[in-house]
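> The structure follows.
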Amino acid sequence: MTPSFEPRARRPNAALMLALVSLCGCATMEDTTRVERGPKLREFERPRIVEGGVTATITVDPATPSKLTLALSGYDTCRTERVEEFAEEHIRERRGAGAGASISAGVLFTVASAAAFGASYVLSQEPDRSHLDGAGRYGPSEAVQARGWSVGLLCLGVPALAVGFVQWLRTGESTEVVKVEQVAGQRDEVCNVRPIDGPVHLRMEDGSVLGPLPTAGGLVAVEAKPLKAPLDGFVFYERDVALDDGSRSLLIAFNGCAKLVRESVADATALTTGALLKRVEAARACRQVRGDAVQAELGRLEDELGRRREGGEAGTFLPGAKQLKSFEEAVQAYPPRFTLVDGSADLAKGLDALTGQSVLVRGHVQAGLSPNIGVVSYADREVFVFLPPDAPWVSQDFPLGAAVEVVGVVSGLQTVGERTAPLVRAVWMRKVP
Amino acid sequence: MRGVLLLVLACACQGPPATDAEVCRDVVRRLCNSRCPVADAKLGLTADSDCTGQLTTRSGCDSDDFRFENRANFLSCRLPLIRTGDHIDQAPSCDDVDDMFRGCPSMAKFYGGP
């Protein structure tokens, strides 16, 4: 006979018992640490040196107002910290949360195990003959069953007792006292000031950056002439250089003087009111450096400004010009001393020779810079032509490229925006047929 | 340690082995309790036959000195009969009885079938 069947006999639920036993080992300890601040032990000051910065002082010699000297200084920050020292208690509390329950369960299971074991000697030893299992064995006797329960209960009770006692023994608290410091306040001072050298960049108000400029002995000189815009500040190794109030004021004065030099104004009447105000502001700032040397320019500008406040916008006529009726009358009233036209021998005359003289200009309209200022080119040169707003001939249209001739007086060199050219105050202008 | 524990628990659920004669009579008791037509046909029994008496006599296990030639094989063949329970008065289902005879045709011969 060949066995070919699997029995469906019931097995003892040993897996469940083992799981219960294993669970007894999963009890953990709660571990918390509490910190309590104790009394203040002492208070002391602790000096420290922390990162400082770069500062600079500006000087401008009145004899050379177009040159600015920057003296760079590096410094550290000397910090004095007021430190308070405290005693601090670190109290560590360890508590087995399940110790009580574990011990209770352990005692219960162990006592039950002992009771079952004791009872096994009282119960019947006779096997259970009402059952005959797949292995051909009778069922266990009552005594054997009681001992089995005794072993199972003991397996639960003893680990539970062990875990409970271990947790109970480890429950408690320990205190560790340590010293801690707390910075209660601090005081910073500039210290270790010394000249420093390195590349200095100039940051302009229009956002551009010039440089680097080399330093020698912590000093760097800046000339006003190459500057195309007001100087806003200095950068040293990508850090802004701090300026004191005096230096900041001198920088504004230097910018004012640079503007006066950079932008020529032959005739203040040719300026728009906005440009005039800016130039007055620049002249006033420049006075801090150049003093009386700029007073004449400032007076001229302020006079023009005062005249406009009383009489309106620019529009002054040359003497007698308002009564003129034609180009020919203008030529008679202001007979040209020089003729500025292609091929003329007067083209070789310098600006100094032309300034204040009547001229006749023949050329083409090249641009309009403002309602009152246009550009007329001739030969390879150009002049600004200032047109009195109320002149009767101004109502004519002068399109770009139109051939024109102008009778007027040269005022000098004028800057309008980015362009600089001689300014001619027109007495009359007309299109050439 | 865990093996010892399992052994102890296993021993707690078993009693001593029954004799071969008791095992043989246990099978007779179960077959006769169920009285399935398949069993009657295999064993050559009629409705009014003395099932227990005939089978114990034919197999020879009416004597307490009876011994199997191979106890293990007999126990294996008996397994289908205790699927519904190992209580001695439990009657197996006819399907289980049929399973036993199909798995162990020699059981019919052992109990004196035609």
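> In the stretch B:82-92, which residues are more than 8 Å from chain A (Cβ to nearest Cβ) and over 11 Å from residue A:132 (Cα atoms)?
The answer is B:84, B:91, B:92.
> Count, please, the residues in the stretch A:47-78 that happen to be surrounded by fewer than 16 Cβ atoms within 10 Å (Cβ to Cβ) and under 16 Å from residue A:191 (Cα atoms).
Total meeting the criteria: 7.
> If a residue has to be at the interface with chain A (Cβ under 8 Å from one of its Cβ atoms) and more than 12 Å from the chain's Cα centre (by Cα) to count, how many in the stretch B:58-71 make the cut?
1
> Okay, next question. Of these, A:213, A:231, A:298, which one is surrounded by 17 or more Cβ atoms within 10 Å (Cβ to Cβ) and under 29 Å from the mean Cα position of the chain (by Cα)?
A:231
> Any residue at all in the stretch A:76-91 that is more than 30 Å from residue A:179 (Cβ to Cβ) and either more than 60 Å from the chain's Cα centre (by Cα) or of a type outside the set (Asp, Glu) (or both)?
no
> Tell me, which residue of the stretch A:60-73 that is in contact with a helix residue (DSSP H, G or I) (Cβ under 7 Å, 6 or more places away or on another chain) and assigned to a strand (DSSP E or B) is modelled with the lowest pLDDT?
Looking at residues that are in contact with a helix residue (DSSP H, G or I) (Cβ under 7 Å, 6 or more places away or on another chain) and assigned to a strand (DSSP E or B), I get A:60.
> Go through the stretch A:384-433 and report how many residues are part of a strand (DSSP E or B) and acidic (Asp, Glu). Explain how you work it out, then say what you get.
Residues of the stretch A:384-433 part of a strand (DSSP E or B): A:384-386, A:403-416, A:419-431.
Retained after the next criterion (residues that are acidic (Asp, Glu)): A:405.
Residues flagged as part of a strand (DSSP E or B) and acidic (Asp, Glu) within the stretch A:384-433 amount to 1.
> In the stretch A:133-150, what residues are more than 7 Å from every other protein chain (Cβ to nearest Cβ) and of a type in the set (Gly, Ala, Ser)? Lay out the reasoning, then the answer.
Within the stretch A:133-150, the subset more than 7 Å from every other protein chain (Cβ to nearest Cβ) is A:142-143, A:146, A:149-150.
A:143, A:146, A:150, listed by residue number.
Residues are listed down the side, and each one gets a yes or a no for (1) under 25 Å from residue A:141 (Cα atoms); (2) surrounded by 19 or more Cβ atoms within 10 Å (Cβ to Cβ); (3) modelled with pLDDT of 80 or more; (4) touching a Leu at 6+ places or on another chain (Cβ under 8 Å):
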residue: B:5; (1), (2), (3), (4): yes, no, no, yes
residue: B:8; (1), (2), (3), (4): yes, no, no, no
residue: B:11; (1), (2), (3), (4): yes, no, no, no
residue: B:17; (1), (2), (3), (4): yes, no, yes, no
residue: B:23; (1), (2), (3), (4): yes, yes, yes, yes
residue: B:26; (1), (2), (3), (4): yes, yes, yes, yes
residue: B:32; (1), (2), (3), (4): no, yes, yes, yes
residue: B:43; (1), (2), (3), (4): no, yes, yes, yes
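> For residue B:100, only one of the following conditions fails: (1) farther than 24 Å from residue A:127 by Cβ; (2) within 11 Å of another protein chain (Cβ to nearest Cβ); (3) out of contact with any Lys or Arg (no Cβ under 8 Å at 6 or more places or on another chain); (4) buried (at least 21 other Cβ atoms within 10 Å of the Cβ). What is its number?
Unmet condition: (3).
> Further question: If the requirement is being in contact with a strand residue (DSSP E or B) (Cβ under 8 Å, 6 or more places away or on another chain) and in a helix (DSSP H, G or I), which of these qualifies: A:233, A:246, A:256?
Sole residue among the options that is in contact with a strand residue (DSSP E or B) (Cβ under 8 Å, 6 or more places away or on another chain) and in a helix (DSSP H, G or I): A:246.
> Would you confirm, using the coordinates I've provided, whether residue A:187 is of a type outside the set (A, V, I, L, M, F, W, C), within 30 Å of residue A:54 (Cβ to Cβ) and not in a helix (DSSP H, G or I)?
The answer is yes for residue A:187.
> Among residues belonging to the stretch A:350-379 that are in a loop (DSSP other than H, G, I, E, B) and in contact with a helix residue (DSSP H, G or I) (Cβ under 9 Å, 6 or more places away or on another chain), point out the one that is modelled with the lowest pLDDT. Show your work before the answer.
Here is the first cut: in the stretch A:350-379, the residues in a loop (DSSP other than H, G, I, E, B) are A:350, A:355-357, A:371-372, A:379.
Add one more test, that the residue is in contact with a helix residue (DSSP H, G or I) (Cβ under 9 Å, 6 or more places away or on another chain), and what stays is A:372, A:379.
Numbers: A:372: 79, A:379: 84.
Top of the filtered list is A:372.
Okay, residues lined up against (1) exposed (fewer than 15 other Cβ atoms within 10 Å of the Cβ); (2) at the interface with chain B (Cβ under 10 Å from one of its Cβ atoms):
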{"site": "A:84", "(1), (2)": "no, no"}
{"site": "A:116", "(1), (2)": "no, no"}
{"site": "A:122", "(1), (2)": "yes, no"}
{"site": "A:128", "(1), (2)": "no, yes"}
{"site": "A:131", "(1), (2)": "no, yes"}
{"site": "A:160", "(1), (2)": "no, no"}
{"site": "A:172", "(1), (2)": "yes, no"}
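The values are calculated or read from the model by the stated rules, or taken from the named source; none is laboratory data. Note that the structure is predicted; figures quoted are calculated from it, not measured. Cβ atoms come from the backbone with ideal geometry, glycine included; neighbour counts cover every protein chain shown.
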